Number of protein chains: 2
Amino acid sequence: MALINENYLKLPGSYLFAEIAKRVNNFKAQFPDANIIRLGIGDVTKPLPPAVIDGLHQAVDEMADEKTFRGYGPEQGYAFLIEKIIATDYRPRGIELDIDEIFISDGSKSDVGNIQEIFGINNTVAITDPVYPVYLDTNVMAGRTGQYVNGKFENVVYLPCNAENMFRPKLPKQKVDLIYLCVPNNPTGTTLSKSELKVWVDYARENRAVILYDAAYEAYIQESDIPHSIYEIEGAKEVAIEFRSFSKNAGFTGTRCAFTVVPKSLMAMTQTGDAYPLNKLWNRRQTTKFNGVPYIIQKGAEAVYSPTGQQQIKELVAYYMTNAGIITEGLKSIGLQVYGGTNAPYIWLKAPNNMDSWEFFDKLLNETHIVGTPGTGFGPSGAGYFRLTAFGNRENTEAAIQRIKTQLKL
Amino acid sequence: MALINENYLKLPGSYLFAEIAKRVNNFKAQFPDANIIRLGIGDVTKPLPPAVIDGLHQAVDEMADEKTFRGYGPEQGYAFLIEKIIATDYRPRGIELDIDEIFISDGSKSDVGNIQEIFGINNTVAITDPVYPVYLDTNVMAGRTGQYVNGKFENVVYLPCNAENMFRPKLPKQKVDLIYLCVPNNPTGTTLSKSELKVWVDYARENRAVILYDAAYEAYIQESDIPHSIYEIEGAKEVAIEFRSFSKNAGFTGTRCAFTVVPKSLMAMTQTGDAYPLNKLWNRRQTTKFNGVPYIIQKGAEAVYSPTGQQQIKELVAYYMTNAGIITEGLKSIGLQVYGGTNAPYIWLKAPNNMDSWEFFDKLLNETHIVGTPGTGFGPSGAGYFRLTAFGNRENTEAAIQRIKTQLKL
């Protein structure tokens, strides 16, 4: 008799986007002519940069000719792409990496979801709260979290991030083994300075913990003291895995390419206390369960690193960050408490007048016809907060802020 | 202290291809001018069909324009592709499937590797022997197999396939819960008829087992009584998940697209005896840990289903099957025992004179400068066998057989 993995049944239903859709549909039924603007979703809207388009077309042509056709590639990704990542994203920041320390993948969602597989079941997991749900859900599925009781999993250490601590998580009081950090943060849009991040690296070194560092929004950092890579912090290569993505810097959300750095000096332990390199485990995981990213897509990603490509992604990021500025300034101008938006494409706001997240959702939809994301969807500490994103086009973003300024009753 | 997943340490090192490379390199050092022909690898050599190339170029152009740009798509794949799969691959064989019963993925390797996640740890796994190593290794990693003792994992039921049973596995004597079947088979190139497959479906129905049916080589079936889908067998929708791929029928080994069918009527059980739909669990797995196949690649796969695309992949398969015929006939003509090659691109041969697989590897390399794959690499019952593949180009395939006929000392 085949048995299911019952850990899946511990997951509370993911009602966030279904509930949003339901309320939007109800609203539409009542007001069919309303022009709804969506500022809730973390998906990009601008097309792929021209350099990437050229790279993709060239690669497609190569696949049409027996002499240049590519079959199975290395599961870890092609060296032509990894070398450019090292030379462009890491070496200029004083970080040296070997080719076999970077693994190209089809997305950070896959990697941050799969990474927990190489760790034992008996690790204590810490997540910031609010959080990107994949970190938590994948650990639930693996059986690492215990039961869901009063809105929290009993064996998970939640690190609240809120206005009181300016969205900087405090070190946990109990010992933890795996720590998920997302900087710049989704959903709060906030960051950690080098000295703030150093506290976490030091904690991990002292406690032999591993930091799973999601830097998917690294390209949006504008301020100089914010680290782009955790490896800018001394000793981080001994304690951290870093996740990067082409989704948000180059518009690859529907094109699918990302990479993960697993330094060879990073160890975790066996039950009997022997250190074992995580690079070797991740390599075994990827070579056994993954067959690499399409050659065509890797050539598109490579084009991101040409001088033209670098210029074009800078312009792309600047476009979205101008949106972020418009949203941030607009919300502040009417007296709302606003966070993020400076080094990230996410704007996190406190719902006014102690409204809860869903009350503010309804108010914003009814009064301004704008759809955002209730903060509660990202965890208990998201209660009373609300997320807007800068990934819309300029016209919609400006129109939305104009409506908020003139139609929202505070 | 972060702990590793120690199940990974149970895996014996994957020395097969490393050992092949070592022996080939030694040979090259001795005979630098030898013209080595590789007939060992399951990778295609012909370029993508022109219809696919057109589909890819068009999709790249769509990604360059804000009006047609695609960001995040459905994790399960686009309906435009799933609808064509149903209409072309299933409906003409009398199999009706709903759109939400098919999940597009980046490869069958990923899917056959990840599928075990939705099952509990306490399932008994049966694999045919020899076998595609991913089925076994991913269950080892998950902790479902026990220790590796005398070349076998102690909790896995091995179903020997050899010349004595004409490579048709016998039903297991002990009760099993998850059964991996690959038809047409990699590595043996053999198949099961409808009545032979029905025995397995009936077993699964009686024992509430689940069959994980890898049909990656379905397009190579030439004979009429061989089922292309397990759902041609009555009742299979209640017991089987089917894996299909564009890798071998359309040359997508480096382009990465496949799909998996999880019928909504397929159930597995909780410990307390409640039936639970596996479709729902796989959907949760995919939406949590995967973000879909690139839009561009899905458009390339869609082009496989145009009338031109269908004609072109038929020609591609026919090309490789002509190679398979050349190899099969050539080997038979010198008196070797040869299996497969009729409904599959794999030719499985018995090493002559009771040689073991590696002895024959060395003999073939030394006397004919041809590289194949020792059968032992696929499991204990592969001992004394050897795999050749039909994926080379015609010139090399003909030259290889000519050499075997004239230079191999039997």
Calculate the length of the line joining the C-alpha centroid of the stretch A:35-76 to that of the stretch A:126-178, in whole Å. 35
Spin-label model distance (nm) - B:Arg93 vs B:Gln30, 7 Å beyond Cα toward Cβ: 4.6
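Taking 0.36 nm per intervening residue step and subtracting the Cα-Cα distance, what contour gain separates A:Lys10 from A:Ser195 on full extension?
My answer for the length gained is 62.8 nm.
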Give me the inter-chain shielding for B:247-257: mean count of other chain Cβ atoms within 10 Å, whole number please. 5
GluC sites (Glu not before Pro) within the stretch A:1-86, DSSP loop, no more than 12 other Cβ atoms inside 10 Å: A:Glu66
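Can you give the charge dipole size of chain A about its Cα centre, rounded to the nearest 20 debye, using +1 on the beta carbon of Lys and Arg and -1 on the beta carbon of Asp and Glu? Show your work: numbers first, answer last.
Values: 41 positive and 45 negative charges, 162 e Å.
In debye, rounded to 20, chain A gives about 780.
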Here the whole-number average of other chain Cβ atoms within 10 Å per Cβ of B:275-284 is 2
What is the antiparallel percent of DSSP beta bridges lying wholly in the protein assembly as shown, to the nearest 5? 55
Tell me whether the stretch B:12-144 comes out rounded, prolate or oblate; compute the Cα gyration tensor, take square roots of the eigenvalues as a ≥ b ≥ c, and use a/c under 1.5 as the rounded threshold. oblate
Would you look at the GNM of chain B, springs on alpha carbons closer than 10 Å, and say which of B:Asn186, B:Asn122, B:Asn162 moves the most? B:Asn122
What is the sum of charges, Lys and Arg at +1 and Asp and Glu at -1, for the other residues whose Cβ falls under 15 Å from the Cβ of B:Ile115? -1
Dipole of the protein assembly as shown, positive direction: furthest Cα of B:Val201, B:Val125, A:Asn283, with charges on the beta-carbon: B:Val125
For the protein assembly as shown, Kirkwood radius (reciprocal of mean inverse C-alpha pair distance, Å): 28.0
Restrict the search to the stretch B:187-279; then list the GluC sites (Glu not before Pro) that DSSP places in a loop and that have at most 15 other Cβ atoms within 10 Å of their Cβ. B:Glu223, B:Glu234
Connecting C-alpha atoms closer than 10 Å in a GNM of chain A, tell me which of A:Tyr339, A:Tyr231, A:Tyr276 has the biggest fluctuation. A:Tyr276
Give the lysines whose C-alpha is closer than 18 Å to that of A:Lys350, dropping any in the same chain fewer than 8 places away, or say none. A:Lys332, A:Lys363, A:Lys405, A:Lys409
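Please compute the average number of Cβ atoms from other chains found within 10 Å of each residue's Cβ in peptide A:56-65.
6
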So for R0 = 22 Å, FRET eff. of B:Gln310-B:Arg205 from the Cβ-Cβ r, to 0.05, ends up at 0.05
Can you bin the stretch B:319-410 into rounded, prolate or oblate? Criterion: square roots of the alpha carbon gyration tensor eigenvalues sorted a ≥ b ≥ c, rounded for a/c under 1.5, prolate for a/b above b/c, oblate for the rest. oblate
Over the stretch A:281-410, relative contact order from alpha-carbon pairs under 8 Å, at least 6 apart, %: 23
Cα-centre dipole for the stretch A:282-331 with unit charges at Cβ (Lys and Arg positive, Asp and Glu negative), debye to 20: 460
Residues of the stretch A:158-172 with backbone nitrogen within less than 12 Å of a virtual label 7 Å along the Cα-to-Cβ line of A:Gln337, please, listed as ranges. A:162-167
Let me know the shape class of the stretch A:52-306, please: from the alpha-carbon gyration tensor, a ≥ b ≥ c as square roots of the eigenvalues, rounded when a/c is under 1.5, otherwise prolate if a/b is greater than b/c, or oblate. prolate
Taking Cα pairs closer than 8 Å and at least 6 residues apart, the relative contact order of the stretch A:210-259 in percent is 41
Restrict the search to the stretch B:6-87; then list the chymotrypsin sites (Phe, Trp or Tyr not before Pro) that DSSP places in a loop and that have at most 16 other Cβ atoms within 10 Å of their Cβ. B:Tyr15
Checking B:Leu11, B:Leu178, B:Leu81 against a Gaussian network model of chain B (alpha-carbon springs below 10 Å), the top fluctuating residue turns out to be B:Leu11
Taking Cα pairs closer than 8 Å and at least 6 residues apart, the relative contact order of the stretch A:52-306 in percent is 26
Among B:105-117, A:292-304, A:37-49, what's the highest-first ranking by average C-beta atoms within 10 angstrom per residue? A:292-304, B:105-117, A:37-49
Quote the charge dipole size of the protein assembly as shown about the Cα centre in Debye, to the nearest 20; the model charges only the Cβ of Lys and Arg (+1) and of Asp and Glu (-1). 660
Just add up the charged neighbours of A:Ile327: K/R +1, D/E -1, any other residue whose Cβ is under 14 Å from the Cβ of A:Ile327. +3
Local charge sum around B:Asp177 (other residues, Cβ-Cβ under 12 Å, Lys/Arg +1, Asp/Glu -1)? +3
Taking B:Lys248 as the anchor, which lysines have their alpha carbon closer than 19 Å to its alpha carbon, excluding any fewer than eight residues away along the same chain? A:Lys67, A:Lys289, B:Lys46, B:Lys84, B:Lys109, B:Lys299, B:Lys314
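Read-outs: derived from the displayed coordinates by stated rules, not from any lab. Everything quoted here is computed from the prediction, not taken from an experiment. Positions of Cβ are generated from backbone atoms using ideal geometry, with glycine treated the same way; all protein chains shown enter the neighbour counts.
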